[in-house]
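The values are calculated or read from the model by the stated rules, or taken from the named source; none is laboratory data. Since the structure is predicted, the reported quantities are computational estimates derived from the model, not experimental observations. Positions of Cβ are backbone-derived with ideal geometry, glycine not excepted, and every protein chain shown enters the neighbour counts.
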Amino acid sequence: MALNLYLLRHGETTFSQSGNFCGETNADLTDAGMEMASSFAEVYQKLPWEAVYVSPMKRTIATAKPFCDAIGMEMQARAGLREGSYGEWETKSKSFVQENYSENYLNWLAEPAWNAPLGGETAVEIANRSMPVITEIIDKHPEGNVLVVAHKATIRIILCSLLGIDLGCYRHRINILVASVSRVKFDVNGPLLEILGDRYHIPEHLRSRPGT
């Protein structure tokens, strides 16, 4: 039996609706986000689970809670799973950043692996703190199902790191919508991406919400 690593992005927040940079801003889930979390729990509690690892931010903890309550398992918080920091861009719109941090923004767009938002993190830095958590999971759980609840950029960067995709291309190669689930299988041949960004567990009226 192999390890099946499930990567769940948190439910909807006002930032995922507006598109403003959220990052380390400790946003709450919206009512729709809470419904997304409950829908995930209802569907996925039917599988046997070994462990649940979460980013220690309010939106990820709130997303994981209905699931952990349903399966009777404590979540394990790991700081390495938090969202990337956008520094001075936090809470601001993309148009504001483009106008007021134009050179910094263009450099970040061109090569986010090595260029960070002013005062924020590069993709390489996010990979350097998130991938040790994935290594910990692989070492502790050689088989079975493990859930990781994290964030859009963090999950994209984890997947790029596992699949050998250039970190500078994480925004152009992988999309992770709100409350979507991806699954990577680990066996003797290494990581295999089996599911990317699935949202079938979410009710139809939530899948079509703008900005997700």
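Could you tell me whether Ala79 is surrounded by fewer than 18 Cβ atoms within 10 Å (Cβ to Cβ), in contact (Cβ under 8 Å) with a residue 12 or more places away in the chain and either of a type in the set (Asp, Glu) or farther than 15 Å from Val184 by Cα (or both)? Spelling it out, Ala79 is indeed surrounded by fewer than 18 Cβ atoms within 10 Å (Cβ to Cβ), in contact (Cβ under 8 Å) with a residue 12 or more places away in the chain and either of a type in the set (Asp, Glu) or farther than 15 Å from Val184 by Cα (or both). Within the range 181-195, can you find the residues that are more than 27 Å from Ser39 (Cα to Cα) and aliphatic (A, V, I, L, M)? Hit for the range 181-195 is Val188, nothing else. Number of residues in the range 37-59 that are surrounded by 21 or more Cβ atoms within 10 Å (Cβ to Cβ) and either part of a helix (DSSP H, G or I) or of a type in the set (Ser, Thr, Tyr) (or both): the value is 5.
Would you call Gly23 at negative phi and of a type outside the set (D, E, K, R)?
Values: at negative phi: no; of a type outside the set (D, E, K, R): yes.
For Gly23, the condition - at negative phi and of a type outside the set (D, E, K, R) - is not met.
What number of residues within the range 100-126 satisfy the criterion of being more than 16 Å from Ser161 (Cβ to Cβ), assigned to a helix (DSSP H, G or I) and of a type outside the set (Asp, Glu)?
We begin by selecting, within the range 100-126, every residue more than 16 Å from Ser161 (Cβ to Cβ); these are 100-111, 115-120.
With the extra rule that they be assigned to a helix (DSSP H, G or I), the set shrinks to 100, 102-110.
Filter once more, keeping what is of a type outside the set (Asp, Glu): 100, 102, 104-110.
Adding up the residues that qualify gives 9.
In the range 126-142, the residues that are in contact (Cβ under 8 Å) with a residue 12 or more places away in the chain form Cβ pairs under 8 Å with partners that are β-branched (Val, Ile, Thr) and not in a helix (DSSP H, G or I), at six or more places apart or across chains, as follows: Val133/Val148; Ile134/Val148; Ile137/Val146; Ile137/Val148.
Does Thr60 satisfy the criteria of being β-branched (Val, Ile, Thr), in contact with a His (Cβ under 8 Å, 6 or more places away or on another chain) and at pLDDT 95 or above? Full working, then the answer.
On the way: β-branched (Val, Ile, Thr): yes; in contact with a His (Cβ under 8 Å, 6 or more places away or on another chain): yes; at pLDDT 95 or above: yes.
Judged against the criteria, Thr60 is a match.
Selection over the range 54-91 of residues that are out of contact with any helix residue (DSSP H, G or I) (no Cβ under 8 Å at 6 or more places or on another chain) and of a type in the set (D, E, K, R) gives a count of 3.
Results for (1) of a type in the set (Val, Ile, Thr); (2) in a helix (DSSP H, G or I); (3) farther than 26 Å from Leu118 by Cα, shown as yes or no for each residue.
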{"position": "Glu24", "(1), (2), (3)": "no, no, no"}
{"position": "Ala32", "(1), (2), (3)": "no, yes, yes"}
{"position": "Ile61", "(1), (2), (3)": "yes, yes, yes"}
{"position": "Gln76", "(1), (2), (3)": "no, no, yes"}
{"position": "Gly84", "(1), (2), (3)": "no, no, no"}
{"position": "Thr91", "(1), (2), (3)": "yes, no, no"}
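Kindly evaluate Val97 against the criterion of being closer than 30 Å to Asp31 by Cβ, part of a helix (DSSP H, G or I) and among the aliphatic types (A, V, I, L, M). So Val97 fits the description; yes.
Please work out if Asn4 is surrounded by 19 or more Cβ atoms within 10 Å (Cβ to Cβ), outside any loop (DSSP other than H, G, I, E, B), touching a residue at least 40 places away in the same chain (Cβ under 8 Å) and over 14 Å from the mean Cα position of the chain (by Cα). Spelling it out, Asn4 is indeed surrounded by 19 or more Cβ atoms within 10 Å (Cβ to Cβ), outside any loop (DSSP other than H, G, I, E, B), touching a residue at least 40 places away in the same chain (Cβ under 8 Å) and over 14 Å from the mean Cα position of the chain (by Cα).
Sub-6 Å Cβ pairs linking a first residue in the range 11-36 that is surrounded by fewer than 19 Cβ atoms within 10 Å (Cβ to Cβ) to a second residue that is among the β-branched types (Val, Ile, Thr), at least 6 apart or interchain, are Thr25/Thr91, ordered by first then second residue.
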